Amino acid sequence: MARPRILTFVMAGGKGERLYPLTKDRSKPAVPFGGRYRIIDFVLSNLYNSGLGAVYVLTQYKAQSLVEHLETGWTWRGGGRDGFIRAVPAQMKLGELWYRGTADAIFQNLNLVRDYGADIVLVFSADHIYKMNVRQMLDFHLRVGAAATVSCLPVPRAGATQFGVVAVDEQWRIKGFIEKPVDPPPIPGLPEESLASMGNYIFNVGLLQEVLGERRDGEPLFDFGKDILPAMTVREPVYAYDFRRNRIPGLREGEQAYWRDVGTIEAYYEANMDLKNVVPLLNLYNWQWPIMTARFHDPPCKFVFDEDGRRGVAVQSVMASGCLLSGGYVKDSVLGRNVVVDAGAQVRESVLMDNVVISPGARVRRAIIDKNVVVAPGEVIGEDFGNDCRRYVVSATGIVVVEKAPDTPETLARNW
């Protein structure tokens with residue numbers, strides 16, 4: 001196929017119920033990550049860096065925060081018929097129904113595929129943290145003559161019971177899909193590994209339009225992983241793409257492809273902690289493959305006071321712009337924009353989002369504190385399990401989650 005027209009749909013309507021209360025007021029793709037990003041920034045940056053500029057972002061659940069972020073950070077990056085990033089709300093074009101699955105979302109927006117004149121459609125999730133050269137997956141799709149291609153990550157077979165797993169033959173043509181299997185099928189030649197689906201797909205348009213209109217036992221097919229792709233594999237060549245082979249420019253020697261499903265509080269917390277190591281598992285300092293986001297007019301970070309017991313210090317931590325360490329101590333943590341850590345305060349192994357204030361003498365450990373929260377003077381979070389459970393949400397492993405506080409005129413002004 002010479003110069004195929006390629007259209008991408010980014011699925012950004014997920015509720016993210018297991019991330020509650022971080023998703024109490026926002027969809028999962030809009031959850032802040034890494035001090036200055038949103039989760040959706042990773043898939044959009046991968047597409048933009050890969051030169052794939054025609055992108056529709058399908059929104060649904062509590063989309064206001066996400067739409068505002070797209071308008072501030074992304075919609076201006078395009079230009080022309082083949083260069084755009086646009087949010088598309090659920091429009092109920094086929095009846096008074098919200099999207100009932102990934103396939104249903106595309107089915108309800110097939111008019112966009114026809115209007116663009118697409119030959120190939122990419123369907124990518126906005127829920128994951130990763131870096132990927134999408135062009136390499138597309139090249140693989142065209143080279144093997146696939147009707148559809150699924151991006152997959154080899155994982156230890158013993159831990160594959162928590163994923164949607166694909167079974168493949170020796171050429172990596174997919175033979176079946178199994179959701180959270182008790183006995184995951186191994187990869188041919190790699191008996192200790194299985195292939196976990198990453199939820200990213202490439203489809204040839206003709207076949208996609210054909211199968212989206214099909215029904216099983218009179219019922220429509222709503223989901224790609226559960227319905228559409230298993231039906232495709234019976235009659236069409238559907239292949240698994242090995243994400244582990246994907247390479248982006250600027251990789252350090254020995255650096256492995258990184259992908260995390262941040263669908264739980266533990267996974268979200270651990271992915272943030274991956275950033276603060278001396279040699280981070282996820283490298284945000286690769287200028288050949290930047291992760292882009294909205295830009296704000298924040299001041300630089302500032303560390304003040306040089307007195308014993310009152311010295312602004314941050315060790316092995318990530319800090320966004322505008323942070324002020326006014327005699328406070330921060331270690332092994334990720335701080336969002338305009339965070340204040342006041343005199344005598346301590347923050348350890350924690351994720352603090354924008355505009356959080358840690359007042360004098362307060363202590364925070366193994367916590368996720370959402371936007372605009374003011375931790376009172378002398379307050380302690382993360383050291384008394386019983387007390388934390390009475391006041392906040394606490395995960396199974398003891399991570400304390402403090403939900404977002406309302407915006408004020410001052411915090412709203414910082415987002416312009």
Any idea which residue in segment 1-23 is modelled with the lowest pLDDT, counting only those that are over 30 Å from P280 (Cα atoms) and in a loop (DSSP other than H, G, I, E, B)? M1
Restricting to segment 69-107, give me the number of residues that are in contact (Cβ under 8 Å) with a residue 60 or more places away in the chain, in a helix (DSSP H, G or I) and open to solvent by 70 Å² or more (accessible area, probe 1.4 Å). 1
Being part of a loop (DSSP other than H, G, I, E, B), exposed (fewer than 14 other Cβ atoms within 10 Å of the Cβ) and of a type outside the set (D, E): is that true of G159 here? no
Please verify whether segment 89-111 includes one or more residues that are under 14 Å from A54 (Cβ atoms) and touching a strand residue (DSSP E or B) at 6+ places or on another chain (Cβ under 6 Å). no
How many of the residues making up segment 261-277 are more than 14 Å from the chain's Cα centre (by Cα) and either surrounded by fewer than 17 Cβ atoms within 10 Å (Cβ to Cβ) or in a loop (DSSP other than H, G, I, E, B) (or both)? 5
Residues in segment 6-21 that are buried (at least 19 other Cβ atoms within 10 Å of the Cβ) and within 13 Å of V262 (Cα to Cα) total 3
Cβ-Cβ below 7 Å, separation at least six or inter-chain, first residue in segment 335-348 and on the phi > 0 side of the Ramachandran plot and touching a residue at least 24 places away in the same chain (Cβ under 8 Å), second open to solvent by 10 Å² or more (accessible area, probe 1.4 Å) and part of a strand (DSSP E or B): which pairs? G344/R310
If a residue counts only when it is open to solvent by less than 10 Å² (accessible area, probe 1.4 Å), which strands (runs of 3 or more DSSP E) contained entirely in segment 278-391 have at least 1 such residues? 324-326, 329-331, 346-348, 363-365, 367-369
Would you call R216 surrounded by fewer than 18 Cβ atoms within 10 Å (Cβ to Cβ) and modelled with pLDDT of 90 or more? no
Is there a residue in segment 43-52 that is under 20 Å from W259 (Cβ atoms) and open to solvent by 40 Å² or more (accessible area, probe 1.4 Å)? yes
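The values are calculated or read from the model by the stated rules, or taken from the named source; none is laboratory data. Small disclaimer: the values here were computed from a predicted structure and weren't measured. In this analysis, Cβ positions are derived from the backbone assuming ideal geometry, glycine residues included, and neighbour counts consider all displayed protein chains. Just so you know, the surface numbers come from the protein's heavy atoms only, side chains and all, with ligands and any DNA or RNA stripped out. Shrake-Rupley method; radii C 1.70, N 1.55, O 1.52, S 1.80 Å.
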